[in-house]
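Worksheet: the structure to be examined is printed underneath.
The values are calculated or read from the model by the stated rules, or taken from the named source; none is laboratory data. From a predicted model like this one, the values you see are computed outputs, not experimental measurements. A quick note on method: Cβ atoms are made from the backbone with ideal geometry, for glycine too, and the neighbour counts reach across all protein chains shown.
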Amino acid sequence: MMNRSLLLKLLSAFIVFGTWEIAGRIPVSYAFPTFIESMKALFDMTVDGRLFAAYGETLKPLVIGVIISAIVGIAVGLWSGLNEWFDWLFSPIFIVMQAAPLAALIPLLVMIYGIGLTSKIFVVCIMAMPVIVLNTAGAVRNTPSSLTEMGRSFQASNWEVILKIIIPAASPVIFSGLRLGVSAGFIGAILSELKITPTGVGDIITYSRSIADYASMYAAIFSIIVLAVLFLNVLEKIERFLFEGNNRGYASD
Amino acid sequence: MAMPQTNALSEESPSTADIAVSARNVSKNYDNVEALKDLSLEFPRGQLTSLLGPSGCGKTTLLKIIAGLLEPSAGTVHVNGQAVTGPGPDRAFVFQDFALLPWASVIRNVAFGLELRGVATSEREAIAEKYINDVGLSGFEKSYPHELSGGMRQRVGLARALSVDADVLLMDEPFSAVDEQTRRKFQEDLLSLVANENKTFIFVTHSIEEAVYVSDQIAILLPRPSRVSDIIRPTGLREKDLTTIRRDPEYLDIVDEIWTSLKTYVE
C-alpha cells in the first residue's frame, strides 16, 4: 500500500518532468529550457554556493514574516472568533488585505518603509496573515456549541474552555490556514524580491533573465517550489504530532 | 386545556417526598419569544423525573436552566436547597449528541469532567476506568470516539457524567440518537442505575413510551408558552417485572392517556 502510493508519486513526477523535458526540446519557446538543463544549472548553483547565499537572503523576510503572521494571525483570529465586537472591528482589515492587489501596494510600502528588510517582511505578512486570521476566526466560531456547553457544565473556566476545547477543535482549520498562509508567504517573499530590490532568489531570477540564462532562472524557480512543498510537509507532520485524534475523524462523522 | 388528573396514578404527593431539585416560577424569554412561563416543578430525590412534551415545549431549555447553562429570565432553581447561579459539582449533564472530544481517547473523555476539576491524572484515570467498566466499555479505553458506534459513544457520555459523582444527573434526550435495540437496552440499564445509585435523574424525552417505561414521575409540558400541564406518577409500574411492563394494561393505559392529551399539540 505504502509502496504503491510512493510509486504513483514517482510516476506523477516522471510525467510532469518528462513533459517539461519534451516541451524544452521542441522547443516551445526560445526562453524555455529543458528539465535536464535546468537541473544542471541547479546543480552548478548548489555546488558554487550561490544558491545558499541566495536563500540566506530570501529566508530572512520569509521566516520573520511567517512567524509574525502565525503568532499575530492566530492570536487575532482566536480573539475575533471569540468576541463579536473585536471581529467587527478587525475582520474588515484582513478581508481588505486579502482582496487588495499587493503589487499595487508595494510602491506605497517602499515609500513608507524604504527598500530594506522591513518592507519585505510587510509584503510577506500582507500575503500570509489574512488567511491565517480568517481561518482561525472561522474555526473558532464554528466550534460545536455542545462541546463548549459540555465544558461549562463540568465547570471549566473560560481559559480551560479555550485551551482544552476550542483550540483543539479548531486546530485542523487553523493548520489549514497556516498551510495556506505559509505558501502565500513564499509568494510574498519572491514578489518582494522581484518588486522591491532584487536580492536572494529573486536576484537570481532577475539577473539570469537579463543575461538570457534561462536554465538558471528556472532552476531558481524550481528550488523555491521544492522548498515550499518541503515546508508544508513539515507543517503537516507537526500537526499530526500535536493533535493525533484529529486525523482520525470526528465523532459526528 | 389542562388534562384531568388521574387519581389512580397520583397517590403519592410530592410534598411528602424529599425534594432534590425545585424550579420555582421559572420564565425564560428569547427576545420576544416566551420559551417558559412561570413554570414550577419539583423533582423528588433518588427518583427519575421525565420532562415530556412536543418539540418546542421548552423541555431542553428547562433542563439547561437547571444545569446552570442558561439563565432564567425570572424565577429560581434550587438544588439541594441552594439557588443555582451556574454549573456546579452537584449536577452532571448527558448530551443528546454525546458531546465527546473527537481528539481524545475514551478514557480521557470519561475523565474529562474530573480533569476540569483538577483531579490528578492517575486518580482520575482510576475512577474513569471503573465507570468505563460499569457501562460495559472495558477494552475500549484507548479507542477514539469515531471508532465507536452511537450507542457506545453515549455510554462514554454517561460514564463521564457518572464519574464526577454528582447528585443530580441531567439527561437531554440521551437515547434519541441511538438505534431502537440499543435504546431498549439503555432504558433497562437506566432503571437499574436509578435503583442502585442514589441519584436524582432528570430526563428529557419526546417518546411517550420511553417516559412511561423509565419514570417515577412524568411532567407533561405543553408549548407556547411552556407550562406543566400535568404530573403523572406511574408508581404501580415500578414494582412490576421489567420484561412484562410493555404488555401491562396499566402501562398501555398511561401511554394512551398521555397521547390523547398531547395529540392536539402535534402539528
**Prompt:** Any chance segment A:153-168 includes a residue that's in a helix (DSSP H, G or I), more than 27 Å from A:Glu239 (Cβ to Cβ), touching a strand residue (DSSP E or B) at 6+ places or on another chain (Cβ under 8 Å) and not aliphatic (A, V, I, L, M)?
**Reply:** yes
**Request:** Kindly check whether there is at least one residue in segment B:136-152 that is within 13 Å of another protein chain (Cβ to nearest Cβ), buried (at least 20 other Cβ atoms within 10 Å of the Cβ) and over 26 Å from A:Thr143 (Cα atoms).
**Result:** no
**Asked** Which members of segment A:218-242 meet the condition of being more than 23 Å from A:Ile174 (Cα to Cα), touching a residue at least 24 places away in the same chain (Cβ under 8 Å) and hydrophobic (A, V, I, L, M, F, W, C)?
**Response** A:Ala219, A:Ala220, A:Phe222, A:Ile224
**Message:** Exactly one of these conditions fails for A:Met97: (1) touching a residue at least 12 places away in the same chain (Cβ under 8 Å); (2) within 14 Å of another protein chain (Cβ to nearest Cβ). Give me its number.
**Reply:** (2)
**Prompt:** Do any residues in segment A:148-170 that are within 7 Å of chain B (Cβ to nearest Cβ) have Cβ atoms under 7 Å from those of residues that are charged (D, E, K, R) and not in a helix (DSSP H, G or I), where the two are at least six apart or on different chains, and which pairs are they?
**Reply:** A:Gln155/B:Arg117
**Request:** Being over 18 Å from the mean Cα position of the chain (by Cα), surrounded by fewer than 21 Cβ atoms within 10 Å (Cβ to Cβ) and aliphatic (A, V, I, L, M) is the filter here, so list the residues in segment A:52-74 that pass it.
**Result:** A:Ala53
**Request:** Scan segment A:230-248 and give yes if some residue there is more than 14 Å from every other protein chain (Cβ to nearest Cβ), within 25 Å of A:Ile106 (Cβ to Cβ) and either at pLDDT below 90 or surrounded by fewer than 16 Cβ atoms within 10 Å (Cβ to Cβ) (or both), otherwise no.
**Result:** yes
**Prompt:** What number of residues in segment B:122-154 are outside any helix (DSSP H, G or I) and aliphatic (A, V, I, L, M)?
**Reply:** 3
**Prompt:** When the residues of segment A:140-160 are filtered to those that are closer than 24 Å to A:Leu178 by Cα and touching a Gly at 6+ places or on another chain (Cβ under 7 Å), which remaining residue is surrounded by the fewest Cβ atoms within 10 Å (Cβ to Cβ)?
**Reply:** A:Arg141
**Request:** Write out, first by first residue and then by second, each pair whose Cβ atoms fall under 8 Å of each other, whose residues are 6+ apart or on separate chains, and whose first residue, in segment B:40-67, is free of Cβ contacts under 8 Å to residues at least 40 places away in the same chain and of a type in the set (Ser, Thr, Tyr) while the second is part of a strand (DSSP E or B) and surrounded by 24 or more Cβ atoms within 10 Å (Cβ to Cβ).
**Result:** none
**Item:** Residue list for segment B:72-101, restricted to those being more than 19 Å from the chain's Cα centre (by Cα) and either on the phi > 0 side of the Ramachandran plot or within 14 Å of chain A (Cβ to nearest Cβ) (or both)
**Value:** B:Gly75, B:Gly81, B:Thr85, B:Leu101
**Fill in**
Scanning segment B:45-64 for residues that are surrounded by fewer than 23 Cβ atoms within 10 Å (Cβ to Cβ) and charged (D, E, K, R), the one nearest to the other protein chains (Cβ to nearest Cβ) turns out to be B:Lys64
**Message:** Tell me the residue from A:Gly24, A:Gly18 that is part of a helix (DSSP H, G or I), free of Cβ contacts under 8 Å to residues at least 40 places away in the same chain and surrounded by 16 or more Cβ atoms within 10 Å (Cβ to Cβ), please.
**Reply:** A:Gly24
**Asked** With (1) part of a helix (DSSP H, G or I); (2) within 16 Å of the chain's Cα centre (by Cα) as the list, and B:Phe175 as the residue in question, which single condition is left unmet?
**Response** (1)
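Got a sec? Which of A:Phe14, A:Phe35, A:Phe52 is of a type in the set (Phe, Trp, Tyr) and under 30 Å from A:Ile196 (Cβ atoms)?
Working: A:Phe14 fails: under 30 Å from A:Ile196 (Cβ atoms); A:Phe35 fails: under 30 Å from A:Ile196 (Cβ atoms).
After ruling out the rest, the residue left standing is A:Phe52.
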**Message:** Among the residues of segment B:244-253, are any in contact (Cβ under 8 Å) with a residue 40 or more places away in the chain and either over 19 Å from the mean Cα position of the chain (by Cα) or buried (at least 21 other Cβ atoms within 10 Å of the Cβ) (or both)?
**Reply:** no
